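> One structure coming up, written as structure tokens, with questions to follow.
The values are calculated or read from the model by the stated rules, or taken from the named source; none is laboratory data. It should be emphasised that the depicted structure is a prediction, and the values quoted were computed from it without experimental measurement. Note: ideal-geometry Cβ built from the backbone for every residue, glycine included; neighbour counts use all protein chains shown.
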Amino acid sequence: MVVTIKPEYVVVVWDGGLSSERLALLPDYKAQRPATPNDLKSQFGQISEFLQAAGVCSLCSDGVEADDYIATLARKAERLGILVVIASADKDFMQLVCDSIGLFNPNDKTNSIWTRSEVRDKTGVEPEQIVGWLSLMGDTVDNIPGVPGVGSKTAADLLVKFGTLDGLLQRLGEVRPDGLRQRLFQAVELVRRNVDMVRLRDDLPCECTLTDFLIKPKVLNRLRELYQQWGFKGMLSELEACAPDRQQILIIE
């Protein structure tokens with residue numbers, strides 16, 4: 001379903017570093033990723049300035065991966081009965097999808113919010129099975145090895161048959177063919193380790209309230225300065241076209 005997202009609350013979450021818990025389990029976690037280019041690093045402060053001027057809250061906590069912070073915020077909002085949309089192309093977030101939490105992938109040309117149905121169509125499993133699915137096949141993007149020879153389809157087939165990862169591991173003797181069963185037997189500890197690697201932490205300390213995430217009025221003068229400084233002529237023109245003296249005001253009682 002094609003949608004237009006008009007949120008009441010918005011927050012941008014930054015990585016604060018790799019999780020020490022994940023690194024303790026797997027020292028090579030994300031080790032293959034190249035360092036952040038200096039040209040990009042130098043822009044982080046400017047992006048933060050833009051967000052502040054645009055009235056958008058941004059968060060970063062030392063040693064906390066953005067995915068875990070996002071999971072914590074999403075679950076907190078869910079408990080408050082608030083609908084959540086996570087804007088990210090990261091497949092790890094599929095484990096959070098439920099009636100209250102959807103995914104918007106900026107790279108998805110359908111411009112739709114993923115629900116349980118889309119996760120099932122994409123992976124062959126339910127959101128509640130995504131942690132098991134990723135644990136079996138691993139994640140090359142994060143340098144997490146999976147069970148040799150187990151790809152996305154095999155992992156999905158196993159979970160559909162046995163229901164849960166624990167159910168599979170308790171009934172490994174029923175797995176066919178023999179070669180797959182043997183590889184799974186040999187990889188039990190790896191799979192259990194992977195569960196702790198791929199499951200997002202959704203219970204981190206968080207003192208923020210919903211009020212912090214309300215979209216605040218834009219600081220037009222500051223935005224104008226930034227756009228001029230960066231040479232963003234198109235955005236500057238749009239800003240001027242939306243100046244307060246050119247806007248209509250609708251007041252509803």
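> Hey, any hits in region 96-119 for a residue that's within 28 Å of Pro27 (Cα to Cα) and touching a residue at least 24 places away in the same chain (Cβ under 8 Å)?
Let us first name the residues in region 96-119 that are within 28 Å of Pro27 (Cα to Cα), namely 96.
Of the ones still in play, those that are also touching a residue at least 24 places away in the same chain (Cβ under 8 Å) are 96.
Yes, some residue in region 96-119 is within 28 Å of Pro27 (Cα to Cα) and touching a residue at least 24 places away in the same chain (Cβ under 8 Å).
> Which members of region 109-154 meet the condition of being outside any loop (DSSP other than H, G, I, E, B), under 21 Å from Met197 (Cα atoms) and hydrophobic (A, V, I, L, M, F, W, C)? Full working, then the answer.
Filtering region 109-154 down to residues outside any loop (DSSP other than H, G, I, E, B) leaves 112-114, 116-123, 127-137, 139-142, 144, 152-154.
Keeping just the survivors that are under 21 Å from Met197 (Cα atoms) gives 119, 123, 127-137, 139-142, 144, 152-154.
Listed by number, the residues that qualify are Val119, Ile130, Val131, Trp133, Leu134, Leu136, Met137, Val141, Ile144.
> Given Leu172, Leu220, Leu226, which one is within 30 Å of Ala24 (Cβ to Cβ) and surrounded by 12 or more Cβ atoms within 10 Å (Cβ to Cβ)? Can you show your working first?
Working: Leu220 fails: within 30 Å of Ala24 (Cβ to Cβ); Leu226 fails: within 30 Å of Ala24 (Cβ to Cβ).
Unique residue meeting the criteria: Leu172.
> Here is a follow-up. Only one of these conditions is not met by Ser20: (1) of a type in the set (S, T, N, Q); (2) surrounded by 17 or more Cβ atoms within 10 Å (Cβ to Cβ); (3) touching a residue at least 40 places away in the same chain (Cβ under 8 Å). Which number is it?
(2)
> Hey, among Phe93, Phe185, Phe162, which residue is among the aromatic types (Phe, Trp, Tyr), surrounded by 12 or more Cβ atoms within 10 Å (Cβ to Cβ) and either modelled with pLDDT under 95 or under 23 Å from the mean Cα position of the chain (by Cα) (or both)? Steps first, answer last, please.
Values: Phe185 fails: either modelled with pLDDT under 95 or under 23 Å from the mean Cα position of the chain (by Cα) (or both); Phe162 fails: either modelled with pLDDT under 95 or under 23 Å from the mean Cα position of the chain (by Cα) (or both).
Phe93 is the lone residue from the list that is among the aromatic types (Phe, Trp, Tyr), surrounded by 12 or more Cβ atoms within 10 Å (Cβ to Cβ) and either modelled with pLDDT under 95 or under 23 Å from the mean Cα position of the chain (by Cα) (or both).
> Evaluate the following for Arg79: is it exposed (fewer than 12 other Cβ atoms within 10 Å of the Cβ) and either in contact with a strand residue (DSSP E or B) (Cβ under 9 Å, 6 or more places away or on another chain) or under 25 Å from Asp108 (Cα atoms) (or both)?
no
> So for region 26-39 (the condition being loosely packed, with under 14 Cβ neighbours inside 10 Å and hydroxyl-bearing (Ser, Thr, Tyr)), does at least one residue qualify? Walk me through it before giving the result.
First pass over region 26-39, keeping only residues loosely packed, with under 14 Cβ neighbours inside 10 Å: 27-28, 31-39.
With the extra rule that they be hydroxyl-bearing (Ser, Thr, Tyr), the set shrinks to 36.
Checked against the condition, which is being loosely packed, with under 14 Cβ neighbours inside 10 Å and hydroxyl-bearing (Ser, Thr, Tyr), region 26-39 yields at least one hit.
> Sticking with this one: Go over the candidates Asp108, Asp68 one by one and state the one that is modelled with pLDDT under 95 and closer than 26 Å to Ile130 by Cα.
Numbers: Asp68 fails: modelled with pLDDT under 95.
None of the others qualify; the one that does is Asp108.
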